[in-house]
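Student: Take this structure, written in structure tokens, and hold onto it; I'll ask about it next.
What follows is calculated from the coordinates using simple rules that are stated; it is not laboratory data. As the structure is a prediction and not an experimental result, all values here were calculated from the model. Glycine also receives a Cβ, built like all others from the backbone with ideal geometry; neighbour counts cover every protein chain displayed.
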Amino acid sequence: MAHAFVSEGPADDLSSWFEKPLEAEGPENPQWIRSHELDRDGSRYSTKLWFDRRSDTVRFWALNPYG
């Protein structure tokens, strides 16, 4: 199934204790794209995916449904 992608970056504020170590990680000057349709297809739980084609990097945010 094909999904429509749009230019959209994730929020840059990595504020929680488990995200802080990731602040300096990731590609330099990423050009994030995102598909809201793909986010909904994954599951009934909250998931967000961003892709940077130049660096083949995926950034995701997911809610652990089990606590």
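Student: Sticking with the crude label model, points 7 Å out along Cα→Cβ, report the distance from Glu23 to His3 in nm, one decimal please.
Tutor: Modelled inter-label distance: 3.0 nm.
Student: Starting with the highest mean, order 16-29, 49-62 by the number of other Cβ atoms within 10 Å, averaged over the residues of each peptide.
Tutor: 49-62, 16-29
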